[in-house]
Every structure is written in C-alpha cells, then in structure tokens.
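Down below is the structure, laid out as structure tokens.
The values are calculated or read from the model by the stated rules, or taken from the named source; none is laboratory data. Just so it is clear, the structure is predicted and the values come from calculations on it, not from any experiment. Every residue, glycine as well, gets a Cβ built from its backbone with ideal geometry; the counts of neighbours run over all protein chains shown.
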Amino acid sequence: MAPIEPPPPLSGKKRRIGVMTSGGDAPGMNGAVRAVVRMSIAQNCEAYAIYEGYEGLVQGGDMIREMGWEDVRGFLSEGGTLIGTARCKAFMERPGRLNAAKNMIIKGIDALIICGGDGSLTGADKFRGEWPGLLEELVEKKELTAEQVEPFKHLNIVGLVGSIDNDLSMTDATIGCYSSLGRICESVDCIDATALSHQRAFVIEVMGRHCGWLALMAGVSTGADYVFLPENPPSENWEAEMCSIIKRHRDLGKRKTIVIVAEGAHDRNLRKISPLHVKTLLTDTLRLDTRITTLGHVQRGGTACAYDRMLATLQGAEAVKAVLEATPDTPSPVICMVENKIERRPLLQAVKQTHEVAEAIAAKDFDRAMGLRDAEFAEYWQAYNITTATDQPQLRLPEEKRLRVGIIHIGAPAGGMNAATRAAVAYCLARGHTPVALHNGFPGLIRHHDDKPLGAVREVSWLDAEGWASKGGSEIGTNRGLPSEDMATVAMCFEKYKIQALFAVGGFEAFTSISELRKARDQYESLKIPMVILPATVSNNVPGTEYSIGSDTCLNALIQYCDACRQSASSSRRRVFVIETQGGASGYIATLAGLSIGAFAVYTPEDGINIKMLDRDIDHLREHFSKDKGQNRAGKIILRNEKASKTYTTEIIASMIREEARGRFESRVGVPGHFQQGTTPSPMDRVRAARFGVKSLQHIENFIGKSKDEIADDPMSASVIGIKGAKVLFSSMKYVEENETDWKDRRPKDEFWMGLKDVVDTLSGRPKALPTP
Ligand code: ATP
C-alpha cells in the first residue's frame with residue numbers, strides 16, 4: 001500500500017492511533033489489533049493499545065500503552081483478545097466518557113479504532129457526537145487547558161465489527177462469526193456420529209439473542225432437520241409442522257435428527273422456544289430418544305479460522321487508511337465486507353439498522369426483521385427451506401416443466417462439492433425434477449455407461465444425498481478427464497439418459513469441459529441444454545469468479561499446518577520454514593495463507609522468484625535474527641507456491657537460507673501436499689456450496705420450455721456462477737472464455753487478490769520488492 005499523506009493535526013508530531021477491543025471477545029480480534037498496529041507504524045504513525053475496552057479509556061494511565069512492531073508478533077494465531085475486553089458501565093454515563101476524552105488527550109491520541117459489537121460501536125458513535133462538548137467541559141472544569149485540547153478538535157472513529165453473532169447490518173460477515181460457526185459445525189459433526197449410531201434426536205442450542213445467523217448457517221452446513229431463528233419465527237402451528245417434517249425424514253430412512261435452536265428463539269407471539277420444549281415434543285410426539293446439547297462458550301473460543309484472520313487483517317489495514325483519509329466532515333465509518341469486497345459504510349446507519357432488527361422483532365414485524373438483514377441472509381433461509389422440508393407441494397412444477405438434471409464432478413476433489421450436490425439434489429426433488437448423478441466425471445460416463453443398473457448414470461434419492469452436507473471428497477466420484485476424450489459418446493449418453501440440463505462442479509477442468517461441450521453444440525443436438533458450472537477447487541483459479549468452493553477449506557488446512565510448524569520453530573531453535581503450497585499457476589492460496597498466518601514472504605507464479613528477491617529476503621532474515629537476543633524465538637514462515645519457479649525449488653530455497661545463515665538460524669522444508677484438500681469442508685464452503693447450488697438450479701429453470709436452438713443461441717445457457725466484488729452472478733461461458741481467461745496459465749487474466757500481496761509484505765515488514773527483471 002502506498003503511504004497516505006496524513007493530515008497533520010498535531011503540528012509536526014506523528015499521529016497517534018488508538019486501538020481497542022470491546023464487548024464480547026471474538027476470534028480474529030487479535031488479527032485486527034496486529035493489522036492496525038503494524039499498518040499504523042508502516043504509515044509513519046504511532047499505535048496505542050487501549051487495554052480492557054472502554055474501561056482502559058476511562059481509567060487511562062498504564063491501560064493505554066504504545067505498541068511496537070514486535071509487540072503484536074504471534075497475535076494472528078491466538079484466540080480471544082490479548083489486549084483484553086470488558087463491559088464498562090462507567091462509559092455508559094457522561095462522566096465516564098469525560099474521563100475517557102481527557103485520557104485520550106493526555107496520551108495524545110486523536111483517532112480511535114474500535115473492534116466490537118453493536119453496543120461498542122453505539123458507544124463509539126455517542127463519544128464522537130459528544131466530543132466537542134466533552135472538550136469544552138474539560139476546559140471549563142480546568143481539567144485541561146484550551147491549548148491542550150486545541151490539536152484534538154476532531155476525533156476520528158473507525159469501527160471494526162468483532163462479534164461472533166454476525167449481528168451487524170450492512171456487513172455480510174463480522175470478525176469471528178465464521179470461526180464460531182466452525183466450532184458449532186465441529187460439535188454438530190461429532191454429535192451426528194452418536195446420533196446416527198443410536199438413531200437419536202439432538203436439540204442443539206447456539207448463541208444469537210436477536211440474530212439467527214449462527215443457527216441458520218449451522219442448519220445449512222450440517223443438514224439439520226429444523227432451525228429456530230429469532231427474526232423469522234415458525235408458523236403458529238410449528239409444533240405439528242416440525243414433527244411432520246421430522247417424521248417424514250425418519251420415514252424416508254433417516255436415522256438421526258438434529259434441531260438447532262438460537263438462544264433468542266421464540267414463536268410469533270414472542271413466547272420463548274426453549275430446547276426443553278422441543279425435546280419434550282420430539283420425545284412425546286415422535287417417541288424419539290432425544291438429548292439437549294447447549295454449546296455455550298465453546299462457540300467463542302479457540303483460534304480464528306482462515307477467513308477471520310484474513311478479514312481482520314484486511315479490515316484492520318483498511319481502518320488505518322480510513323483514519324488517515326478522514327476529514328473533519330467525514331462521518332465515522334464502519335469497515336464492512338460485502339460478498340468479497342471490503343467497503344466503508346456509515347457507522348451510525350449500520351448501528352441504527354441493527355437496532356431496528358431488534359425493534360422489529362419486539363413489534364412482531366418479522367417480515368421487516370428479515371428485510372433488514374442482508375439479502376444474502378434471506379437467500380440462505382430460502383436455500384435451507386427448499387433443501388430441507390421434503391414435502392412442499394406448492395414448490396412442485398407441473399409435469400411438463402420438470403427436467404432430468406445431470407450432476408457431474410470434474411477435476412480434483414474440493415471441500416463443498418458434496419454439499420453443492422446435496423443442495424442441487426434436494427432442490428431438484430422439491431421442484432419435481434429428476435437429479436441424475438454422472439459418476440466419476442466424463443471418463444466414468446464414457447467407459448461405463450452400459451453397466452446398468454449400477455453404472456455411471458444413476459438417479460439420486462433424497463436419502464442418498466441427505467448426509468452429504470458435511471462430507472469431504474466427492475461422493476459421486478470425480479475425474480480430471482475432459483469430454484473431448486470422446487465427445488461422440490458423451491453426446492450419445494446425454495441423449496440416451498435424456499439429460500436435459502447439466503450442473504457441473506469442479507475446477508479449471510470443469511471450466512474447460514463446459515467450454516468444450518458448449519462448442520460441440522453445433523455438432524450434437526443433445527448438448528443444446530442449459531449448463532452451469534459451480535467452481536470448486538482448492539486453487540481458486542477458475543475464471544468468472546473470485547471464489548471457488550474448496551479454497552476456504554484448503555486455507556484452513558494450510559494455516560493449521562503453518563501454525564504447527566511455527567510452534568515447532570518457536571519451541572526448538574530459530575528456524576525458518578519454507579512451505580510449499582498447492583495452487584497450480586495461481587498464487588491465491590499462498591497469498592491468502594500468507595495473509596492469515598503473517599508469512600515472512602510469499603512466492604507466487606505471477607511474480608516468479610529471482611536471485612535479487614532471495615538475496616534481499618535472506619538479508620532481511622539475517623538482520624531479524626541478529627537483533628534477536630534469544631527472547632523472541634518465534635519462527636518465520638515463507639510460503640512458496642508449487643509453480644512459483646522452476647529453478648528455485650522449495651528445497652533449494654531452504655538450502656540457500658541454511659547456507660547463508662551460517663549457523664545463526666536454520667531452515668526446514670514443509671510440503672503439506674494433499675493435506676491441503678482438507679478433511680471435512682469448512683462451514684463457509686458448505687454454506688456457499690448450498691446457496692450457489694440452489695441458485696444454479698434456479699438459473700437452469702430459466703430455460704424450461706425453450707427450444708434447443710433457443711437455448712444454444714442464448715449465451716447464458718452455458719454459464720459460470722461466481723462472486724465478483726460485491727455481487728454473486730452468472731457470467732456467460734463464451735464471454736468469460738474469450739475475455740477473462742488466461743488459457744496458458746489456467747487462471748483468470750485479472751486476479752483480484754494480487755493487491756493483497758502488498759498488505760502481506762507491509763505487515764511482515766518485508767523490504768519492498770524490486771520489479772522482476
Ligand atoms: P457483543 O456483540 O459481544 O455483545 P457489544 O459490543 O455489543 O458486543 P456491549 O456489552 O453491548 O457489547 O457493549 C460493550 C461496551 O460498549 C459496554 O460495556 C459499554 O461500555 C459500551 N457501550 C455500549 N452501549 C453503549 C451506549 N449506548 N453508550 C455508551 N457506551 C456504550
């Protein structure tokens with residue numbers, strides 16, 4: 001990031017930026033503090049930590065301390081908040097805030113970055129609103145002089161939303177919510193095994209007083225039978241409805257039942273729905289052996305997942321930028337995430353809208369409460385409902401509009417492939433379509449299409465796919481082979497099995513396959529059908545999207561591996577790990593993992609590796625370890641993408657470091673290999689897979705009733721679903737193939753994440769890279 005010219009309010013002095021964490025702790029808060037501290041220092045400002053939230057601001061003294069570069073080392077991998085948090089009563093009252101203002105001026109702090117929930121941000125906004133009055137009062141009461149307060153006339157406040165509930169309006173994700181969802185999914189996955197063994201029912205209570213995000217997402221990602229959310233209570237006769245849905249699932253052969261209850265769940269008359277009430281119903285009405293599990297504070301704990309580390313780091317860096325760009329008239333911003341884009345939104349409005357949700361719930365205006373949540377939330381709710389209740393006659397299409405939908409996995413396995421397939425199957429069945437699995441990719445179809453009835457083409461039942469939400473790998477088998485291996489047979493199979501639409505899940509091979517099928521439509525009538533590809537690959541290199549399912553699972557596996565390496569490095573000697581990541585010719589995984597673990601350097605195929613770069617990095621390592629007097633034994637991690645350079649292999653780089661270190665430090669190689677595909681898919685991959693799976697099928701339905709030629713002539717009849725910036729959209733394959741694809745290197749021409757490399761380098765203090773010769 002290029003240095004921003006800061007406005008000089010302190011007449012020649014460096015700007016001092018305060019950072020605090022407040023309200024309930026959330027995984028990722030430490031990453032935000034690290035990013036704010038280091039980015040402030042990198043921008044020639046001073047960073048101060050305010051300990052114990054507003055309590056530190058009110059008390060001042062030693063609770064407001066300057067932070068150096070090294071003080072935040074290791075913060076990214078720690079859970080909770082290392083600078084403490086508290087609920088501070090004193091700050092709720094004006095005298096407390098007056099003290100806080102005085103302490104800030106005494107410490108010379110004129111900008112505050114607060115990471116907390118809606119309460120903390122409300123407090124922050126109030127503080128800024130009162131600021132001029134507080135300064136006047138301080139002068140009036142002779143606690144400070146007019147000269148002392150003069151340079152502090154304008155207080156800059158920037159909010160970062162740190163909360164596990166994901167309850168702030170205007171942002172898709174708060175720092176901590178995906179880590180918390182991860183804890184919930186881990187627990188439900190464990191409970192699943194015992195429930196299945198004993199054919200039990202479990203009622204699981206999760207956090208969320210006014211916000212059902214955790215409950216809903218847990219429902220989507222674990223395939224729960226029923227969920228209760230505060231914003232959208234069930235119908236008047238929910239007891240009968242819930243029992244009927246669960247009974248139907250049991251009648252279809254399901255051996256377990258999971259019901260998720262948000263702690264703030266209630267009925268349409270605001271009567272609390274307790275886990276005990278649900279348990280009694282399941283026991284008395286359905287005679288199910290039912291247990292209750294309250295997950296409680298487990299949901300807050302542990303280290304942050306990759307997404308939260310990335311979010312916290314990018315938002316922390318953006319918050320510093322916002323401070324430096326603010327003018328006296330800029331409204332206080334809160335840093336938000338919309339799909340894949342960091343945006344600044346007015347803090348006041350975001351807090352107001354958040355409070356309106358609680359007000360709408362209290363007024364029993366549940367449509368409004370849902371409407372005030374983001375559009376994404378409503379889509380997840382819809383996806384959950386369509387894919388869960390099996391008996392919804394109102395959703396079924398008339399006979400003549402029903403399709404036989406082929407579902408195929410192509411390429412290497414990636415987390416979320418099964419979840420996407422489960423959602424597509426459930427959606428098809430709800431609408432009356434027939435989901436047909438094409439097993440083992442195109443080679444499976446080409447070689448085994450005659451082996452009936454257990455051949456490569458099989459209709460999938462609800463029960464077949466029901467348990468796939470949390471399963472890793474590919475249940476229907478995947479293969480890298482392309483349809484061009486034998487296009488005539490592929491086309492013949494589509495004809496023979498009456499495939500009227502195709503839903504393909506996979507990476508660059510899937511993209512290439514759909515491209516081939518699209519181009520072969522001129523020759524084969526049976527290929528004139530709607531086709532959608534849902535990108536799924538650890539490499540995240542599919543054109544037409546900034547996010548492929550599976551990439552988040554991969555990042556989580558990778559940071560787990562890197563955390564273990566770093567721990568080993570800090571427990572033994574001063575050590576540098578050179579870790580080789582997957583990603584093909586795309587440096588996405590290496591860069592994002594670098595951001596999430598605070599890598600010393602990241603080597604990508606896009607930039608390549610050259611001798612000057614290595615020389616500079618080794619010099620920097622030498623300098624770093626020479627300053628170390630033994631008190632700081634934390635290791636360093638270098639991430640090298642597998643195709644970053646043909647010459648400078650991972651081994652060679654590690655050997656060069658070893659040689660040049662001359663015994664002062666050492667190096668090791670780490671190759672996590674297939675470990676990066678992960679075991680169980682991450683919650684983010686699961687929920688996005690479900691949402692995109694449903695959206696893909698809805699897109700396919702746009703072509704019902706169209707002739708083959710109409711379909712072939714419509715560029716959107718072969719498309720890729722993806723996230724681009726703040727939007728989820730379908731792009732025409734033809735357009736993406738011709739304009740956005742780097743076919744040689746098998747990646748998008750424009751890789752949105754390239755700018756993030758600068759942030760990794762800035763926050764690790766890496767010397768600026770010279771342009772590659
Ligand atoms: P969580 O989402 O985890 O509950 P939160 O930030 O909403 O986090 P709160 O306990 O509501 O948590 O708020 C944290 C602190 O923010 C309070 O203890 C108080 O010091 C301050 N605060 C909250 N609301 C206000 C307010 N209206 N005016 C002044 N200060 C406030």
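Brief remarks on what is shown
- Breaking point among (1) farther than 29 Å from Asp563 by Cβ; (2) away from the ligand (no atom under 13 Å from the Cβ); (3) touching a residue at least 24 places away in the same chain (Cβ under 8 Å); (4) touching a Leu at 6+ places or on another chain (Cβ under 9 Å), for Leu181: (1)
- Within region 705-736, tally of residues that are assigned to a strand (DSSP E or B) and under 25 Å from the mean Cα position of the chain (by Cα): 11
- Residue in region 683-691 that is assigned to a helix (DSSP H, G or I), under 26 Å from Ala469 (Cα atoms), in contact with a Gly (Cβ under 6 Å, 6 or more places away or on another chain) and of a type in the set (A, V, I, L, M, F, W, C) present: yes
- All conditions in (1) small (Gly, Ala, Ser); (2) more than 26 Å from the chain's Cα centre (by Cα); (3) surrounded by fewer than 21 Cβ atoms within 10 Å (Cβ to Cβ) hold for Ala456, with the sole exception of (3).
- Which numbered condition Thr285 fails, given (1) within 21 Å of Ser197 (Cα to Cα); (2) surrounded by 14 or more Cβ atoms within 10 Å (Cβ to Cβ): (1)
- Evaluated against (1) closer than 22 Å to Pro683 by Cα; (2) at pLDDT 95 or above, His433 falls short on exactly one condition, (1).
- Among the residues examined, Leu397 qualifies as assigned to a loop (DSSP other than H, G, I, E, B), farther than 30 Å from Ser539 by Cβ and among the hydrophobic types (A, V, I, L, M, F, W, C).
- A single member of Thr354, Thr280 is part of a helix (DSSP H, G or I), at pLDDT 95 or above and either on the phi > 0 side of the Ramachandran plot or of a type in the set (S, T, N, Q) (or both), and it is Thr280.
- Residue list for region 346-390, filter: acidic (Asp, Glu) and more than 23 Å from the chain's Cα centre (by Cα): Glu356, Glu359, Asp365, Asp367
- Any hit, region 680-693, residues being in contact (Cβ under 8 Å) with a residue 12 or more places away in the chain, of a type in the set (A, V, I, L, M) and surrounded by fewer than 22 Cβ atoms within 10 Å (Cβ to Cβ): no
- Answer residue from region 26-44, given it is buried (at least 22 other Cβ atoms within 10 Å of the Cβ) and outside any helix (DSSP H, G or I) and is farthest from the ligand (Cβ to nearest atom) among those: Gln43
- Residue match in region 556-574 (condition: crowded, with 24+ Cβ neighbours inside 10 Å and either under 16 Å from Arg746 (Cβ atoms) or free of Cβ contacts under 8 Å to residues at least 24 places away in the same chain (or both)): no
- Every residue from region 737-773 that is modelled with pLDDT of 95 or more and assigned to a helix (DSSP H, G or I): Glu737, Glu738, Asn739
- Of the residues making up region 116-152, those that are in contact (Cβ under 8 Å) with a residue 60 or more places away in the chain and under 19 Å from Val19 (Cα atoms) number 12.
- Pairs, first closer than 28 Å to Lys14 by Cβ and polar (S, T, N, Q) in region 86-109, second assigned to a helix (DSSP H, G or I) and within 12 Å of the ligand (Cβ to nearest atom), C-beta under 7 Å, six or more apart: Asn99/Val58; Asn103/Leu57
Listed here are the residues, each with its yes/no results for (1) surrounded by 17 or more Cβ atoms within 10 Å (Cβ to Cβ); (2) among the hydroxyl-bearing types (Ser, Thr, Tyr); (3) part of a loop (DSSP other than H, G, I, E, B); (4) modelled with pLDDT of 95 or more.
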| site | (1), (2), (3), (4) |
| --- | --- |
| Trp381 | yes, no, no, no |
| Ile407 | yes, no, no, yes |
| Asn418 | yes, no, no, yes |
| Ala424 | yes, no, no, yes |
| Asp451 | no, no, yes, no |
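Residues are listed down the side, and each one gets a yes or a no for (1) of a type in the set (Phe, Trp, Tyr); (2) within 12 Å of the ligand (Cβ to nearest atom); (3) under 21 Å from Gly31 (Cβ atoms); (4) touching a Cys at 6+ places or on another chain (Cβ under 8 Å):
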position: Gly56; (1), (2), (3), (4): no, yes, yes, no
position: Gly60; (1), (2), (3), (4): no, no, no, no
position: Arg65; (1), (2), (3), (4): no, no, yes, no
position: Asp71; (1), (2), (3), (4): no, no, yes, no
position: Leu82; (1), (2), (3), (4): no, no, yes, no
position: Lys89; (1), (2), (3), (4): no, yes, no, no
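- Counting the residues of region 81-93 that are in contact with a Lys or Arg (Cβ under 8 Å, 6 or more places away or on another chain) and outside any helix (DSSP H, G or I) gives 0.
- Qualifying residues in region 107-117 (those that are more than 13 Å from the ligand (Cβ to nearest atom) and not hydrophobic (A, V, I, L, M, F, W, C)) - the one surrounded by the most Cβ atoms within 10 Å (Cβ to Cβ): Asp110
- Residues in region 624-654 that are of a type in the set (Ser, Thr, Tyr), assigned to a helix (DSSP H, G or I) and at pLDDT 95 or above: Thr650 alone.
Okay, residues lined up against (1) farther than 23 Å from Phe600 by Cβ; (2) small (Gly, Ala, Ser):
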| site | (1), (2) |
| --- | --- |
| Lys643 | no, no |
| Thr649 | no, no |
| Gly663 | no, yes |
| Gln677 | yes, no |
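- Tallying residues that are more than 13 Å from Ser551 (Cα to Cα), modelled with pLDDT of 85 or more and under 28 Å from the mean Cα position of the chain (by Cα) within region 563-590 yields 8.
- Enumeration of residues in region 118-173 that are in a strand (DSSP E or B), of a type outside the set (A, V, I, L, M, F, W, C) and within 15 Å of the ligand (Cβ to nearest atom): Gly159, Gly162
- Scanning region 484-497 for residues that are under 37 Å from the mean Cα position of the chain (by Cα) and either of a type in the set (Val, Ile, Thr) or farther than 16 Å from Val436 by Cβ (or both) yields a count of 3.
- For region 94-106, the count of residues that are out of contact with any helix residue (DSSP H, G or I) (no Cβ under 6 Å at 6 or more places or on another chain), in a loop (DSSP other than H, G, I, E, B), more than 11 Å from the ligand (Cβ to nearest atom) and within 16 Å of Tyr51 (Cα to Cα) is zero.
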